[in-house]
1. Just to be sure I understand: if I project the alpha-carbon convex hull of chain B onto a plane and average over all orientations, what area do I get in nm²?
2. Taking θ = phi - 60°, what integer Hz values does the Karplus form 6.51 cos²θ - 1.76 cosθ + 1.60 yield along the range C:128-140, in sequence order, with x for Gly and Pro?
3. Residues of A:27-34, mean number of Cβ from any other protein chain within 10 Å of their own Cβ, rounded to a whole number?
4. Each label point is 7 Å from the Cα along the Cα-to-Cβ direction; what then is the distance between the points at A:Y12 and C:F41, in nm?
5. With n ≥ 4 as the cut-off for DSSP H runs, can you work out [θ] at 222 nm for chain A, using -39500 (n - 2.57) per run divided by the number of residues, rounded to the nearest 500?
6. Under a plain spin-label model, where a point goes 7 Å from the Cα along Cα-to-Cβ, how far apart in nm are B:E337 and C:N182?
7. Quick one: compute a quarter of the convex hull surface over the Cα atoms of the range A:1-132 and quote it in nm².
8. Size of the dipole of the protein assembly as shown about the Cα centre, Lys and Arg at +1 and Asp and Glu at -1 on the beta carbon, nothing else charged, in debye to 20?
Amino acid sequence: MELMIENVSHHYGETHVLEDISFTLKDGEIICIIGPSGCGKSTLLRFIGGLEQPTSGQVLIAGEAPSGSLNPLTYIFQDFALLPWRTVEGNVSLVLEDHGIHGSRANAIINDVLARTKLADFRKALPRQLSGGMKQRVAIARALAVNPAVMLMDEPLSALDSQTRELLLDDLVELWSREKFSACYVTHNLAEAVRLGHKIVVLSRRPGRVRQIVEIDMPLGERFERMGELEETQRHLWNLMREEARAADMELADVA
Amino acid sequence: MTSTIIHSLAAITLASGVALTAPANAQEDTVQIGLLSLTSHAPSIIAEAKGYFEEEGITAEFVSFQAAQPMAVAIASGDVDFGVTAITGGLISLAERGAVKVIGGALQETPEIEGQKILVSRQAHEDGVTTPADLAGRRFGITTAGSSFHYMAHKIADAEGFDRSELSLVTLNSVPAVIASLRSGQIDAWSIVPNIAGGLTRGEDVVEIGVIADYVEDYQVTTVFTSTDIVENNPELAERFLAGFSKGVADYNAALVDKTMSEEETAEIVAMIHEYVYTDRPLEDADPAIRAGAMRINENARLNLGSVEDQMEWFKSEDLVPAEATVENLVDTSFVETF
Amino acid sequence: MSLDTTHAPVTSAAVPRPVAPSGARPVPFRGGGFRHKPLGFVGPLVFVALIALWELGSRTGFISPIALPAPSEAFAAFMDLVQTGMLWTHLEASLYRLVVGWTFGSLLGVSVGLAIGLFSFVRAGFLPLVSALFPIPKIALLPLFIVWFGIGEGSKVATILFGTFFPTVIATYGGVDNVDRNLIRMGQSFGLSWLSIVRKIIIPGALPAILSGFRISASIAIVLLVAAEMIGAEFGIGAYILMAGALFATDQLICGVAMLSILGLTISFFIGKAEKYFLNWRT
C-alpha cells in the first residue's frame, strides 16, 4: 500500500499553514518529516490520517491494505493518548472491541502485541503506574494490535527523557526490522530523523513548503553502529533548518 | 418557612445579648410594634396615625413580619416590644419559657358580626360536602401544627361528633399554599377570616358551608402580647401602649365594624390602613377589601379568658404544648378586663 | 560546604576545624508551615469539645434556654423519636423523597448535560434555558408546584428533582467539555464508532466532574428537603423540623437539624466511596 500526498495546501482564515506539499510514502518505508515549530508538521500528519481535511490538494491511497489490517492508517501520539481509566490490556482491547474482536481472539492479539513491546508483565497496570517510556510502548502495542499498514507518528518520543528516547528508538528499529511497516514520522529531532528515516522531508517555516527531500540509503539496522557516517547528513539537515528555525523563533517571539 | 426558622434563630441569637434595655425613666419611649399585613392589625396603625400613641408618650415604629411565629420570637428576644397574634403552640411554648405574656385581647368572634367561614373546594362540594358535618374523612388545610386553623378544625370535629383523627389535616405552612391547594381541589376544606373567604367564594372554585361561630363560642382569635421583661420591669409602658391601642380599636370598630362613623372619617381610616395593608393595590381597589368582612376587635383590649382556657385545653389534649403549661404563665390579667 | 568536604581529605587532619568567629549565629530558619499534616483525631475532638462546652453553657444558664436548648435536651428529643418509633417513619418518608427526587433529577441531569456537551444544537437551545432556570429558588414556585404536582408525594419529589437537576446538568456538560480532546481524536484515529467514543471515552472522562456534581446535588437535595416537606407532609425530617419551629420546640428543632446534618455526612461518605471505586485510575 502506498500513500500519495498531492499538492496539499491549507490555511486557517488568513494564516497559511501549508503550501503545495507533495511526496509519496512507499510500502515498508519510513518517512520523517522535520521542520521548525509551527511549520504545520502535525497538521500535515492529521491530513494523512484523515482526521482533518486540507483546504486544497488531497491524500490518496494506492493499493489494498494488507489483509487483516483493522485500521490501515494508525496514529501514535506525542502524549500517548492512553485512557487513564483502562489498564494496559484494556487500552489495547479498546481498539479491538469496535471490530467485534472479543474473548480469546482479543486475548491472543493482546498477548502478542504486549510480548512484542515487552509489556507482558504489565497487563493489569493502569497508565498512572507506568513510566513515560512504558506508556508510549503501550501506545505502540495498541497501534500494532490493529495491524496497521501505515503508522502515523506525531513526535512520539518528544515527551520522554533522552535515555528513554534512545531505548525506544532501538525498539522501533528492531520492530521495523521484523515487521517492515511503513510510517510517517513527524519530529523536530534531527538525530531521530537520521536514525529512522529512509527519506527525510524538510519543511520550511510557516507557510510550510517542502525545502528538500533527503534520502538515506543506509539500512536502519546498521545506523546505530555507523552514526559517524550519518553525521554529515545530520549537519546538512541542520544547515537547512537553522535559518528557518531562527526565523520561526523570532516570529513566535513577535506574536507573543 | 425555612427562612422563618432562620429568622427566628437569628433573632434569638441576638436576643441573649440584648436582654435589659428598655429605660424606665423617659416619658417619650420608642416602641417597636410587630405588624402583619392584615386588616386585624389596624388598631396600632390607626393609633399611630391619629397620634394616640403620641398622647401616651410613645413613639411607635412598625416592624413588618410575614408570619406570626417570627414575630412572637422577635418579641421574646426583645427586638420587638408589642404584637398581635393568634394563640399558637409557639406562643404558649415561649410563654412557658418565661419569654412572652399575653396582656390583652384583640380579634374576637361575636354573634352579631360576620366571623370566620368554613370553606370547601367546588369539587368537594359537588362530592356532597355541603355542611360541616360532612367533613369527616376529608382533607382540611392548616398552616402549621398548633395554628388557629388546627384548633378550628378540631372544634368542628368535636362539635359534629366525629373523631378528630377522621379529619385528615394537611400542613401547608403558608396561607398562599393553603389557598392554592383549596382552589385546585388538592384539599377539601379550610376556615378563614371573612375578608379572605369573601375573595375566595366570589370565584368558581370555593364554596362556603358554615361559620366558625357555630363551633367556637366567642372565639378569642388574636391577642395582644409583649415580652415578660416589659411586664415585669416596665408595666407602665404596657399600660400606656394598651391605652393608645384601645383608642385605635375604638376608631376601627366605629369605622369598619359598627359603621357608626361618618363616611368621610371612615375613608380617612381606610387610607391610614392602606399605608400598611394591600399596599400592592391602588387605594380604590384596596378600599372595598379593607372594609369587607372586618371583624370586631375587643374594646379596651378586653380578653375572653374562657376562650383562652378552652384553647389551652385543646393544645394540651393534642400534646402540642408541654403538659405543665398553664393559662397563668401565658396571660397577665392585670392590664385589661377579662371575662 | 562542598568545597570543605572535597578539600578535607587532601589537606588531612592538620587543618584545624573552622572556628566560628564570635557573634556568628545559625542561619534563621524560615521554612516549614503551609503544609497539611493528617490529624484525623482533631475533627471529632473539636466536635466533642464544642458539644461539651455548649452543654456546660446550658447547664450553668450562660446560654439561655430560649436561645439554644442543651444538647442533652436535643438528644432526649431524639430518644423520644426512637422510643415512639417515629424516627423510622420520619426517616423513611424523607429518604423516599430524597432517593426518588435525587435519582431522577440526576438521571435527567446527566442525560441533558451529555446532550448539551455532545450536540451543538442542544447546547445552543438549552444552555441559555438552563442558565435562566437554575437560579430560580424552587421554594418560590411551591404554590405552583401544588397545582402542577398535587400535595402528595408529587410536589415533594418534584422540588428535590428540580433542585438536583440543574447542578447536575452544569457539572455534566462541564465534565464533557473538559474531556481531553486528544483522547477523542485517538478514538477517531482508530475508527471507533460515535457511540463507542461517547461510551468509552467521553462518559468515563466526564465521570470525575459528574461525581463531584453529585456531591453538590446531594447536599442541595437535603437543603430542599425542608422546603419540599412544607407542602402537606405529615411525616419526614423536614416536616418534623417545621413543626418544631411552629411550636417553638427548640429541642426538637436542633434534633431534626442534627439528623439532616448526619444524613448529609452519610451521603457524603458514600459518594466518597463511589469516587474511590470509580476513579481509582486517578493519581
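The values are calculated or read from the model by the stated rules, or taken from the named source; none is laboratory data. Keep in mind it's a predicted model, so treat the numbers as computed, not measured. Glycine also receives a Cβ, built like all others from the backbone with ideal geometry; neighbour counts cover every protein chain displayed. With ligands, DNA and RNA removed, areas are computed over all heavy atoms of the protein, side chains included. Shrake-Rupley method; radii C 1.70, N 1.55, O 1.52, S 1.80 Å.
1. On the way: hull surface 65.5 nm².
Value for chain B: 16.4 nm².
2. For the range C:128-140, the Karplus-derived couplings read x, 5, 4, 4, 6, 8, 4, x, 5, x, 5, 4, 5 Hz, x marking Gly and Pro.
3. 0
4. 5.8
5. Working: 7 runs with 101 residues, N = 256.
Dividing the helical sum by the residues of chain A leaves -13000 deg cm²/dmol.
6. That separation, rounded to one decimal, is 9.3 nm.
7. Details: hull surface 40.8 nm².
The Cα convex hull of the range A:1-132, projected and averaged over all directions, gives 10.2 nm².
8. Details: 64 positive and 100 negative charges, 1188 e Å.
Dipole about the Cα centre, nearest 20: 5700 debye.
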